[in-house]
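Some notes on the structure that comes next.
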Protein chains: 2
Amino acid sequence: MKKHNFSAGPSILPEYTISECSKAVAELNDIGLSLLEISHRSADFQAVIDEAQALVKELLNVPEGYEVLFLQGGASTQFCMIPYNLLEGKAAYIDTGAWANKAIKEAKLFGEVEVLASSKETTYNYIPKDYTVPADADYFHITTNNTIYGTEIHEDYTVDVPLVADMSSDIFSRPVDVSKYDLIYAGAQKNLGPAGVTLVIIKKDALGKVSREIPTMLNYNTHIDKGSMFNTPPVFPIFASLQTLKWLKANGGLEAMYAKNKAKSDLLYNEIDSNPLFEGAAAKEDRSIMNVTFVMKNKDLEADFLSYTTSVGCSGLKGHRSVGGFRASIYNAMPIESVEHLVNTMKTFADKHASVTA
Amino acid sequence: MKKHNFSAGPSILPEYTISECSKAVAELNDIGLSLLEISHRSADFQAVIDEAQALVKELLNVPEGYEVLFLQGGASTQFCMIPYNLLEGKAAYIDTGAWANKAIKEAKLFGEVEVLASSKETTYNYIPKDYTVPADADYFHITTNNTIYGTEIHEDYTVDVPLVADMSSDIFSRPVDVSKYDLIYAGAQKNLGPAGVTLVIIKKDALGKVSREIPTMLNYNTHIDKGSMFNTPPVFPIFASLQTLKWLKANGGLEAMYAKNKAKSDLLYNEIDSNPLFEGAAAKEDRSIMNVTFVMKNKDLEADFLSYTTSVGCSGLKGHRSVGGFRASIYNAMPIESVEHLVNTMKTFADKHASVTA
């Protein structure tokens, strides 16, 4: 039986992506070879990476002057590549959680870092909004979705310095005005593909402004110049990402995806707010449409509820240890039927509990 | 029809690896989830990475005091990670080709680099042997197999400074005395798995000797401390690598693999040396058992021979542009039957040519 996969990442992918990948591993395009054993310089793979780049540009409506890269090393490697390439004087960050913190730590190796605001004291349950971005910052860095805490920045900020965004866990969940950003990056393993490839969308004008020497593999220009094939790229994760991009386009693109994500998250948040046993973990105005965090008013019931969800075919619902409770990650590929199943599970558990305690 | 895949990399993998991967992408271990959508923190994936590390240690007889890591970014990222972590004063390199050159270029960003010898003037057709490794070098770097030129270092050098080796294209092709090395690294996409994971075997005592601050993701200690899971690892390429490691063990380990590789390469080199149309590109004593490079005495026949090999089901035989001619990459997974097929193709072509020109 296929499980309802609420895992935070690596996470659910479209059935289409999974079945196309399984077939291509066995044999690609009837060429007598597996996807895993062809040269990345072959016409068959060049077509894959070209189409993947083109679909990212089409789906996100990426303007002229930007490049789409498929790199390795995850968002964690971007945490150091970004200051290596962009930080000469001072950079501004907001601290919205564990991942923002890791980005801040790396930037400090390369220049002055001003942390404009933090929601740490309330376990990052909201997005700080009361701060001013210094006009002399080389860039302003945000984490648009905070997987652990279930908070999300719902708009494309307008700022007077280059805007850099970690969109690892909400890329492709809604239309984005890419022109507002100098650099967008995202580990693939939520809405795009399996772990092992990192999407970077970068404005070419953002580069060339630092004086330090940059190691070849950490220099964005290396990968721009070679179309993400300076060295052997992660062929399989890129192929898998292409399948998801095709699925996104076939399912109406990002407007349609956003409507579906809104419907799914509204359904679940409504249950959290109306069910007497549960309460949401994040501030209402900053609630993520990707990661829905919630706890039980009576902590003693949490272990029971988690076992119950497992017994009815749900997977990956345990909350991160820093927040506790539960986290339902309902990425693009999650069908609304799985969210309905979870909501029904919450209702049934509440009913059972009510009858037991009545 | 399955092709005879002589591609230099990404390259042929065992049928076992390919079929296990195709199945696990569809569903892993009957858990109701694809390998692509499970958390890297799940027990199912922890078992994969643990077994992969254990099998690397077992197959290569890795001594105590060494760590086995699965990283991202390819050998190209190691070219900068190595000096970042190990180079304080001076490092020694030998220049045996394009990849050695790239390693040298990155090291120069971090300290003094002494290039002890080079075979560049003869298009890298031999391994330089006439040099002395300076006693004050922080390390001595070698590339054990040079894919483009078909040269290989056939022994584990004994030197008085830490030895660092890029074994990307010959790892697991023969037993190695790991104790002779402080660091061995290898992009997976030849003898191990698909592109997207890099194997590093490192002596823990080699670390902690440089004074610079190292970005988190470039610091070997980060990955040692977290068992290669500081951030989300490349789950699929690691799973695929594990299948190849199991296949290696089931097929007798590295002694058996070396015997098979010797038989395959002897067969092909014997044909090159005895067939009137062909000649080897590399010095005989340095000939690679992984990448067999050869040219035709009459260059005008090369296009014809290449088409002929394609017509009889061979793939990936065109030589690198810097050497020309042909390159038969006959990695571990290549059955001797494919080498026999190539040898027969060379014989048939020579016979046809002899009858035409007679």
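Counting only C-alpha contacts under 8 Å and six or more residues apart, can you give the relative contact order of the stretch B:15-250 as a whole percent? Relative contact order of the stretch B:15-250: 26 percent. First select every other residue whose beta carbon is under 10 angstrom from the beta carbon of B:ASP286; then total the charges, Lys and Arg +1, Asp and Glu -1. Around B:ASP286, the charge tally is +1.
Viscosity 1.002 mPa s, temperature 20 °C: what is the translational diffusion coefficient of the stretch A:244-358 from Stokes-Einstein with a Kirkwood Rh over Cα pairs, rounded to a whole number of µm²/s? Can you show the working numbers first?
Working: Rh = 14.9 Å.
D, rounded to a whole number, is 144 µm²/s.
Hand me the GluC sites (Glu not before Pro) from the stretch B:26-66 located in a DSSP loop with no more than 16 other Cβ atoms within 10 Å, in residue order please. Kindly include the intermediate steps, with their values, before the conclusion.
Numbers: sites: B:GLU27, B:GLU37, B:GLU51, B:GLU58, B:GLU64; in loops: B:GLU27, B:GLU64.
Counting only loop positions with at most 16 other Cβ atoms within 10 Å, the GluC sites (Glu not before Pro) in the stretch B:26-66 are B:GLU27, B:GLU64.
Taking the fewest neighbouring Cβ atoms within 10 Å as the starting point, the ordered list for A:THR348, B:THR96, B:THR222 is A:THR348, B:THR222, B:THR96.
Taking other residues whose beta carbon is less than 12 angstrom from the beta carbon of B:SER228, and scoring Lys, Arg as +1 and Asp, Glu as -1, yields -2.
Here is how far apart the B:ASP266 label points are across copies: 7.5 nm, shortest first, using a point 7 Å from Cα toward Cβ.
Of all beta bridges DSSP finds with both residues in the protein assembly as shown, what is the antiparallel percent, to the nearest 5? Mind showing how you got there, number by number?
Working: 44 of 80 bridges.
About 55 percent, rounded to the nearest 5.
Need one number: the % of Cα-Cα pairs in chain A sitting beyond the 25 Å mark.
Values: 35030 of 63903 pairs.
Looking at chain A, the distances longer than 25 Å represent 55 percent of pairs.
Each of A:SER19, B:SER76, B:SER11 was scored by other Cβ atoms within 10 Å of its Cβ. Listed from fewest to most, they are A:SER19, B:SER76, B:SER11. Evaluating kT/(6 pi eta Rh) at 10 °C and 1.306 mPa s, with the Kirkwood radius of the protein assembly as shown over Cα pairs in the Stokes-Einstein relation, gives 59 µm² s⁻¹.
Once the C-beta distance of B:ARG321 and A:SER274 is scaled by a Förster radius of 56 Å, the resulting FRET efficiency is 0.25 to the nearest 0.05. Across the stretch B:82-177, the relative contact order, built from alpha-carbon pairs under 8 Å that are at least six residues apart, equals 28 percent. Protection proxy ranking for A:241-248, B:142-149, B:177-184, using the average of other Cβ atoms within 10 Å per residue and placing the highest first: B:142-149, A:241-248, B:177-184.
Compute the Kirkwood hydrodynamic radius of the stretch B:95-238, taking the inverse of the mean of 1/r over all pairs of distinct Cα atoms, and give it in Å to one decimal.
On the way: mean 1/r = 0.0606 Å⁻¹.
It is 16.5 Å.
Mean residue ellipticity at 222 nm, helices only, the protein assembly as shown: -11500 deg cm²/dmol; runs of at least 4 DSSP H residues each add -39,500 (n - 2.57), and the sum is divided by the number of residues.
For the cross-link pairs B:LYS120/B:LYS262; A:LYS129/A:LYS299; A:LYS120/A:LYS204, the ones whose C-alpha atoms lie over 29 Å apart are A:LYS129/A:LYS299; A:LYS120/A:LYS204. Averaging the sequence gap over all C-alpha pairs within less than 8 Å and six or more residues apart, then dividing by the number of residues, gives the stretch A:264-358 a relative contact order of 31 percent. Annotation for A:LYS284 and B:ASP177: the two label points, set 7 Å from Cα along the Cα-Cβ direction, are 7.3 nm apart. Checking every one of the trypsin sites (Lys or Arg not before Pro) in the stretch B:191-231 against DSSP loop status and a limit of 14 other Cβ atoms within 10 Å picks out B:LYS209, B:ARG212, B:LYS226.
Exposure proxy ranking for A:CYS314, B:CYS21, based on other Cβ atoms within 10 angstrom of each Cβ and starting from the fewest, stands as A:CYS314, B:CYS21. Treating each Cα of the stretch B:122-207 as an identical point scatterer and summing with the Debye formula, the log10 of I(q)/I(0) at q = 0.11, 0.13 Å⁻¹ comes to -0.32, -0.44. Three principal axis extents describe the C-alpha atoms of the stretch B:13-150; from largest down they are 57, 32, 28 Å.
When each copy gets a label point 7 Å from Cα toward the beta-carbon at A:LYS226, what are the spacings between them in nm, shortest first? The projected label point of A:LYS226 is separated from its counterparts by 2.5 nm.
Comment: the Cα-to-Cβ extended label point of B:THR123, at 7 Å, lies 6.6 nm from its counterparts in the other copies, nearest first.
Spacing of the modelled spin labels on A:GLU340 and B:LYS352, each 7 Å from Cα toward Cβ, amounts to 6.3 nm. If both residues of a DSSP beta bridge must be in the stretch A:90-170, then about 15% of such bridges are antiparallel.
Laboratory data are not the source of any read-out in this text; all were calculated from the coordinates shown. Quantities reported herein were computed from a predicted structural model and do not represent experimental measurements. All Cβ positions, even for glycine, are placed from backbone atoms using ideal geometry, and neighbour counts span all protein chains on display.
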